[in-house]
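**Student:** Below: one structure in structure tokens.
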Amino acid sequence: MTQQLPATIEAEALAFARSKIAQFRDGSMLMAEASREFVRHVMRRAALLHPLHMMTLIDFARAGEPDADIVLRTLAIEIVDRGEPLPTTLGAYIMETIRGRVRQRPARKRKNNLLRDILIVAIIDEVSSRFGLMPTGRSPQRRSACSIVAEALHEAHMQLGYKDIESIWNRLGRAVAGVLGWALKPS
């Protein structure tokens with residue numbers, strides 16, 4: 001038999017979720033441009049770590065990923081400005097770009113919200129662990145962390161419903177949960 005969640009715990013969980021959403025929203029971390037900047041930063045770091053990562057980023061750019069193209073062009077400018085030779089793969093990509101061989105396609109919306117989605121997963125994870133809730137699932141006796149976070153997001157005028165939040169958790173939860181919990185801990 002499932003125990004009913006005491007109203008005080010539910011209220012505390014909701015207040016906690018509201019405070020975390022307000023904290024991140026005030027810093028614009030839940031907005032699309034911040035997410036794209038985060039994705040570009042990760043791409044750049046990966047490309048500089050190993051030639052295979054650079055080649056993967058070039059593959060993304062050739063496939064029409066605009067952020068990959070921006071990162072590669074910026075890296076090329078910085079490297080040339082320092083008077084260093086371009087890595088062979090990057091040089092080839094830049095030549096293809098100048099020649100007009102690289103086509104740009106519109107960016108997908110999901111990627112524009114990657115940082116937002118990661119932060120939502122981190123909030124769900126923290127609400128789950130702090131208040132002893134399951135991340136997903138609906139029952140008349142007990143709310144899930146996803147439903148509490150969805151309510152807090154709705155109150156913050158973010159147009160995401162329970163199904164959206166549950167989908168974000170199902171897509172990213174296992175990969176991200178716990179790893180980014182540090183972002184929510186007080187400093």
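The values are calculated or read from the model by the stated rules, or taken from the named source; none is laboratory data. Model, not experiment: these values are computed from the prediction. Here the Cβ is made from the backbone with ideal geometry for all residues, glycine too, and neighbour counts use every protein chain on show.
**Student:** Residue by residue through region 134-156, note down the ones that are surrounded by fewer than 16 Cβ atoms within 10 Å (Cβ to Cβ) and farther than 16 Å from ASP117 by Cα. Working first, answer last.
**Tutor:** Initially, region 134-156 is screened for residues surrounded by fewer than 16 Cβ atoms within 10 Å (Cβ to Cβ), giving 134, 137-141, 154-156.
Within region 134-156, MET134, GLY137, ARG138, SER139, PRO140, GLN141, GLU155 qualify.
**Student:** Condition first: modelled with pLDDT under 90, crowded, with 17+ Cβ neighbours inside 10 Å and closer than 30 Å to ALA145 by Cβ. Can you find one or more residues in region 54-65 that meet it?
**Tutor:** Within region 54-65, not a single residue is modelled with pLDDT under 90, crowded, with 17+ Cβ neighbours inside 10 Å and closer than 30 Å to ALA145 by Cβ.
Okay, residues lined up against (1) at pLDDT 70 or above; (2) assigned to a helix (DSSP H, G or I):
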{"position": "ALA107", "(1), (2)": "no, no"}
{"position": "LEU115", "(1), (2)": "yes, yes"}
{"position": "SER139", "(1), (2)": "no, no"}
{"position": "ARG142", "(1), (2)": "yes, no"}
{"position": "SER147", "(1), (2)": "yes, yes"}
{"position": "ALA150", "(1), (2)": "yes, yes"}
{"position": "SER167", "(1), (2)": "yes, yes"}
{"position": "ARG171", "(1), (2)": "yes, yes"}
{"position": "ALA183", "(1), (2)": "no, yes"}
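**Student:** Out of region 74-105, which residues are modelled with pLDDT of 95 or more and acidic (Asp, Glu)?
**Tutor:** Hits for region 74-105 are GLU78, ASP81, GLU84.
**Student:** Only one of these is modelled with pLDDT of 90 or more and either assigned by TED's automatic domain parsing to the domain that holds LEU153 or among the small types (Gly, Ala, Ser) (or both): ALA7, ALA34, ALA47. Name it.
**Tutor:** None of the others qualify; the one that does is ALA47.
**Student:** Looking at this structure, is ALA22 at pLDDT below 90, small (Gly, Ala, Ser) and within 24 Å of LEU160 (Cβ to Cβ)?
**Tutor:** yes
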